[in-house]
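Notes follow the structure.
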Amino acid sequence: MQKVEHIGIAVKSLGTSIPLFEKLLNSPCYKTEAVESEKVNTAFFKSGEAKIELLESSDPEGIIARYIEKKGEGLHHIAFEVQNIIVEMKRLKEEGFVLLNEDPKPGADNKLVCFLHPKHTNGVLIELCQEK
Ligand code: ZN
């Protein structure tokens with residue numbers, strides 16, 4: 001794995017949280033993007049080399065809506081950049097980690113992504129991402 005690419009934060013409303021994070025980071029939101037397949041709307045900020053990704057559910061039954069219902073708003077995942085997601089997925093699987101998707105899937109920000117089950121990573125949802 002290479003650097004931390006971004007940190008994902010689950011929020012109830014991008015309308016509220018975009019201005020909040022613009023104030024916090026003193027940096028404008030530079031992109032918003034809907035990921036239909038995941039039922040999320042995302043908003044991105046730069047923080048040095050890393051990014052902050054805000055995630056708002058676009059569906060009351062979506063995965064982020066259910067997460068917020070259970071745990072409230074807050075830290076949702078940490079994403080690491082990888083050079084070859086297939087190789088890294090294979091390596092982690094061999095190490096005993098559980099992949100939440102068996103094939104890389106399209107994520108926000110022109111990435112291929114794969115998530116690891118938090119049960120095996122001290123409760124932290126880990127995302128692998130590779131630039132498409
Ligand atoms: Zn992410």
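What to note about this one:
- Any pair with Cβ under 9 angstrom, 6 or more apart, that starts in the stretch 11-28 at a residue that is in contact (Cβ under 8 Å) with a residue 60 or more places away in the chain and ends at one that is of a type in the set (D, E, K, R) and open to solvent by 40 Å² or more (accessible area, probe 1.4 Å): V11/E73; K12/E73
- Residue in the stretch 76-99 that is modelled with pLDDT under 95, under 17 Å from I7 (Cβ atoms) and either assigned to a strand (DSSP E or B) or away from the ligand (no atom under 12 Å from the Cβ) (or both) present: no
- Residue in the stretch 56-63 that is within 14 Å of the ligand (Cβ to nearest atom), at pLDDT below 95 and either outside any strand (DSSP E or B) or not aliphatic (A, V, I, L, M) (or both) present: yes
- Members of the stretch 52-84 found to be open to solvent by 40 Å² or more (accessible area, probe 1.4 Å) and among the hydroxyl-bearing types (S, T, Y), listed by number: S58, Y67
- Residue, farthest from the ligand (Cβ to nearest atom), within the stretch 1-39, restricted to residues that are in a strand (DSSP E or B) and of a type in the set (D, E): E33
- From the list V124, V113, the one residue that fits, being within 15 Å of the ligand (Cβ to nearest atom), modelled with pLDDT of 95 or more, part of a loop (DSSP other than H, G, I, E, B) and closer than 21 Å to K51 by Cα, is V124.
- Taken over the stretch 100-110, residues that are within 16 Å of the ligand (Cβ to nearest atom) and open to solvent by 50 Å² or more (accessible area, probe 1.4 Å) amount to 4.
The values are calculated or read from the model by the stated rules, or taken from the named source; none is laboratory data. The structure displayed is predicted, hence computed values, not measured ones. Here the Cβ is made from the backbone with ideal geometry for all residues, glycine too, and neighbour counts use every protein chain on show. The accessibility values were calculated without ligands, DNA or RNA, using every heavy atom of the protein model including side chains. Shrake-Rupley method; radii C 1.70, N 1.55, O 1.52, S 1.80 Å.
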